[in-house]
Amino acid sequence: MDLFLSYAKEDQEVANKISKQLTARGLSVYDWLDNKQRGGRIVERMEEAISAARGFLALVSPAYAASPWCQRERRLAIHIESDRQSVDSHSQFVHVLTVARTDRGTVGFLRDYDWQDATNDAAISSSLETVVRQVRGDGTTPGGTPSPPVSSVRPPLFRNRETELLDLERALNNPGGIHFWLITAPPALGKSWLLSRLSTSLANDEDGNGWGTQLIDIREEPSSIRHDVPRLLARLFGLDRPDLSEPDAIRASAQRILASGRPFLCLLDSAELLDLPAIKALRRCMRAVYQRVQEAGDSRVRLGIVVASRRDDGWPGLESEPRLESLRLTPFRLEIVHQALADLARRMNRTNVPSSVISAHARRVHRLSEGLPALLDRALRWIQQEQWIELERLDTQELFQELAEPYIRSELLSEESLFPQGGDHLHETRVALETALRNLVPYRLITMSHVQYHLASDPELRRVASEAGLELETLWRALSRTALLLQLQSEPWHEVYAPIRRLLFRYFYSTDEARLAARRLSYQFVTIWTEKVNNSDQVRGAMECLWHEAVLLQLEDPASMAQQLPESMRALYDAFQSSDNAWELRSFAMRLAENDTELHAAIGGESELFDRLIGIINPGVGR
């Protein structure tokens, strides 16, 4: 299919005219209001159609800007264009026609595209000639390279977050359920997908039933709105007047919801871009709107709010109900990757591929992608492109760099990820943060002592930190503000999100020699660090030493692991025995070990060895 036609149903008349003219010019067009396209799982069908198209044509109007369905379509289209441009920088997927006078600030990222005029018949004819040339092209990019073909067979679309989606729907639809949610996850883990799907699944445009929804992505809004809470509140509740005071905005928001006579759902994406004062003020205002809606006593009406952020700073709190319920998104498990690969095999008629082979390939895909949705999609696309030939290449560093490096650069190490709230001198600070992360990704937990150690031992980190004007404390604060580090509520240290840590380790240390040197250095420091802490911190440090040792043995001498690790565990046991609270420390160590999936993986999944390690520190089992 050549074009997906995206428009609001209010613009159907002009859309029909445009569709006919495009068809007359030889392009195939997917029109979502065509009766042939209706029925069945419409959301999934539209996603598949957009993903399979050569181009996406948005017919922009005020109705288009206000439509949650059109918002979902344009967001998906922009993600697809970004993905295709990572392969071919000249690729253009999104095209915009304006069919009615529209404020550019109301359509998110579409404001940055060239808009072709289609407000009258003469303008339509001229603009469509431009669109047809852009979509059809001559088979080459402006640089003369053949443009990548769009396959008629698409890798399976994500069922990503289906479980979380259903849980959210049930909670929001239950009058006595949880109606305020905070969704947190690092970059590209499916937050935007989840909010967009939740918006369209709870709304029902055709019958006017279901929820009223308003989805706002802070990235798509003018930067001035990030500190203007009444204006942000007006956008969240769809108010026509952005100049209201805070009390007036609260009252008008509650009145609008009550006047609709149905539930209303506010969805706020990219909330990490708000500063702490704005978050606190917005949280207070949303509760005030909620309370006024509740006090009105209309059983048909309630307010739901779902916030998505890369960080949880400022959102949790001890204020009165309703409190925000936290939902942390996790990467896809191996079983999900296996299911996606099996689906792709069916779609590509690879019915003779044995299940054992699919399982082996699924393990390769999971290791390369670490279960991160965007990177999993890249791996599936590559398998489709390669027609399932020599998939053992997924294990190689060369293919990891080909598939993962663009994702790491554009997502994980982007300015948006490293500096969610912006700042000054970003280039110099970015270099310093990347160098610091290169030193820190061998560790599972990170303290300021870790940063201090590497500032002292790595001349390169010392130099780039100095050029950025960062000393130990300011470098630590800059690292803490990134979207990659988890601030653990009950612990004094940070962690790099585990799948991202493993990806960055493979990215920064691309050879066995480099990985071995990094592991030796990190093991050396963790051993020293553990000797300086006490009680539960000592237990945590000891278990980190055990994990570092297991990883190092896996690289250096796997055959000696069965002898050396039990000896190390017994030494830890003896150290705990000398403490006054030995039983509690051993119990804590046992709980840590039993839940340590990475330790289990580091010893090669050997259950017998793992059970021996647990048995050594189990207080109920004698030595």
### Summary
Filtering region 410-419 down to residues that are part of a helix (DSSP H, G or I) and more than 13 Å from the chain's Cα centre (by Cα) yields E415, L418
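Please verify whether E544 is surrounded by 14 or more Cβ atoms within 10 Å (Cβ to Cβ) and charged (D, E, K, R), treating the condition exactly as stated. Give the steps one after another, and end with the answer.
Working: surrounded by 14 or more Cβ atoms within 10 Å (Cβ to Cβ): yes; charged (D, E, K, R): yes.
Against the criterion (surrounded by 14 or more Cβ atoms within 10 Å (Cβ to Cβ) and charged (D, E, K, R)), E544 qualifies.
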### Message
Go through region 279-317 and report how many residues are small (G, A, S), open to solvent by 10 Å² or more (accessible area, probe 1.4 Å) and not in a loop (DSSP other than H, G, I, E, B).
### Response
3
### Query
From the residues in region 547-563 that are within 35 Å of the chain's Cα centre (by Cα) and either of a type in the set (D, E, K, R) or open to solvent by less than 60 Å² (accessible area, probe 1.4 Å) (or both), which one is nearest to A582 (Cα to Cα)?
W547
### Query
Quick one: in region 267-278, which of the residues that are open to solvent by 20 Å² or more (accessible area, probe 1.4 Å) and in a helix (DSSP H, G or I) is nearest to R75 (Cα to Cα)?
L276
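Does Q538 satisfy being open to solvent by 50 Å² or more (accessible area, probe 1.4 Å) and farther than 23 Å from P442 by Cβ? I'd like the intermediate steps shown before the answer.
Numbers: open to solvent by 50 Å² or more (accessible area, probe 1.4 Å): yes; farther than 23 Å from P442 by Cβ: no.
So Q538 fails the test.
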### Message
Being open to solvent by less than 50 Å² (accessible area, probe 1.4 Å), within 21 Å of Y290 (Cβ to Cβ) and more than 21 Å from the chain's Cα centre (by Cα) is the requirement here; does L195 meet it?
### Response
no
#### Entry: Which listed residue, of P316, P322, is farther than 15 Å from L232 by Cβ and under 22 Å from the mean Cα position of the chain (by Cα)
P316
### Message
Could you tell me how many of the residues in region 564-615 are crowded, with 18+ Cβ neighbours inside 10 Å and touching a Lys or Arg at 6+ places or on another chain (Cβ under 6 Å)?
### Response
1
### Query
Looking at region 322-339, which of its residues are of a type in the set (A, V, I, L, M) and at pLDDT 90 or above?
L327, L334, V337
### Message
Take A53 and tell me if it is modelled with pLDDT of 80 or more and farther than 19 Å from S127 by Cα.
### Response
yes
### Task
Could you tell me whether any residue of region 386-409 is under 22 Å from the mean Cα position of the chain (by Cα), crowded, with 21+ Cβ neighbours inside 10 Å and at pLDDT below 90?
yes
### Query
So E10 clears everything in (1) within 18 Å of S125 (Cα to Cα); (2) modelled with pLDDT of 90 or more; (3) of a type outside the set (A, V, I, L, M); (4) open to solvent by 50 Å² or more (accessible area, probe 1.4 Å) except one condition, right? Which one?
(1)
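I250 - would you say it is over 25 Å from A49 (Cα atoms), assigned to a helix (DSSP H, G or I) and at pLDDT below 90? I'd like the intermediate steps shown before the answer.
Working: over 25 Å from A49 (Cα atoms): yes; assigned to a helix (DSSP H, G or I): yes; at pLDDT below 90: no.
In short, no.
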#### Entry: Unique residue being modelled with pLDDT under 95 and among the β-branched types (V, I, T) when the list is T429, T435
T429
### Query
Restricting region 283-329 to residues that are free of Cβ contacts under 8 Å to residues at least 60 places away in the same chain and touching a Gly at 6+ places or on another chain (Cβ under 9 Å), which is nearest to L198 (Cα to Cα)?
V301
### Task
Find the residue count for region 93-107, including only residues that are farther than 28 Å from S224 by Cβ and open to solvent by less than 10 Å² (accessible area, probe 1.4 Å).
3
### Query
How many residues are without any contact (Cβ under 8 Å) to a residue 12 or more places away in the chain, assigned to a helix (DSSP H, G or I) and among the charged types (D, E, K, R) if we restrict to region 565-623?
6
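Does V431 qualify as being open to solvent by less than 30 Å² (accessible area, probe 1.4 Å), among the aliphatic types (A, V, I, L, M) and over 25 Å from G371 (Cβ atoms)?
Working: open to solvent by less than 30 Å² (accessible area, probe 1.4 Å): no; among the aliphatic types (A, V, I, L, M): yes; over 25 Å from G371 (Cβ atoms): yes.
Answer is no for this residue.
Just to check your reading of the model, which residue among S578, S536 is among the hydroxyl-bearing types (S, T, Y) and in contact with a helix residue (DSSP H, G or I) (Cβ under 9 Å, 6 or more places away or on another chain)? If you could, list the steps in order and put the result at the bottom.
Details: S578 fails: in contact with a helix residue (DSSP H, G or I) (Cβ under 9 Å, 6 or more places away or on another chain).
Answer to the selection: S536.
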### Message
Looking only at region 55-87, count every residue that is closer than 25 Å to R409 by Cβ and out of contact with any strand residue (DSSP E or B) (no Cβ under 8 Å at 6 or more places or on another chain) and tell me the total.
### Response
8
### Query
Does S223 satisfy the criteria of being buried (at least 18 other Cβ atoms within 10 Å of the Cβ) and modelled with pLDDT of 80 or more?
no
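Got at least one residue in region 229-246 being of a type in the set (D, E, K, R), at pLDDT below 85, under 25 Å from the mean Cα position of the chain (by Cα) and farther than 22 Å from E47 by Cα?
Going residue by residue through region 229-246, those that are of a type in the set (D, E, K, R) are 231, 235, 240-241, 243, 246.
This time we only want the ones that are at pLDDT below 85, so: 240-241, 243.
Those still in the list that are under 25 Å from the mean Cα position of the chain (by Cα) too: none.
Checking region 229-246: not a single residue is of a type in the set (D, E, K, R), at pLDDT below 85, under 25 Å from the mean Cα position of the chain (by Cα) and farther than 22 Å from E47 by Cα.
Is it the case, given these coordinates, that R170 is open to solvent by 30 Å² or more (accessible area, probe 1.4 Å), at pLDDT below 90, more than 22 Å from S414 (Cβ to Cβ) and charged (D, E, K, R)? I'd like the intermediate steps shown before the answer.
Details: open to solvent by 30 Å² or more (accessible area, probe 1.4 Å): yes; at pLDDT below 90: no; more than 22 Å from S414 (Cβ to Cβ): yes; charged (D, E, K, R): yes.
Answer is no for this residue.
Using the structure shown, decide if A514 is open to solvent by 30 Å² or more (accessible area, probe 1.4 Å), aliphatic (A, V, I, L, M) and assigned to a helix (DSSP H, G or I). Let's see the steps before the verdict.
Working: open to solvent by 30 Å² or more (accessible area, probe 1.4 Å): yes; aliphatic (A, V, I, L, M): yes; assigned to a helix (DSSP H, G or I): yes.
Yes.
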### Subset of region 356-377 (residues that are under 24 Å from the mean Cα position of the chain (by Cα) and open to solvent by 40 Å² or more (accessible area, probe 1.4 Å))
R363, R364, H366, R367
## Note on the structure
Contact list, first residue from region 110-134 and open to solvent by 50 Å² or more (accessible area, probe 1.4 Å), second anywhere and in a loop (DSSP other than H, G, I, E, B), beta-carbon distance below 7 Å, six or more apart or interchain, is T119/V99; T119/A100; Q134/Q92
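The values are calculated or read from the model by the stated rules, or taken from the named source; none is laboratory data. This is a predicted model, so every value here is computed, not measured. As a convention, Cβ positions derive from the backbone with ideal geometry for all residues, glycine included, and neighbour counts pool all protein chains shown. Ligands, DNA and RNA are stripped out before the accessible areas are found, and what is left, the full protein with its side chains, is counted by its heavy atoms. Shrake-Rupley method; radii C 1.70, N 1.55, O 1.52, S 1.80 Å.
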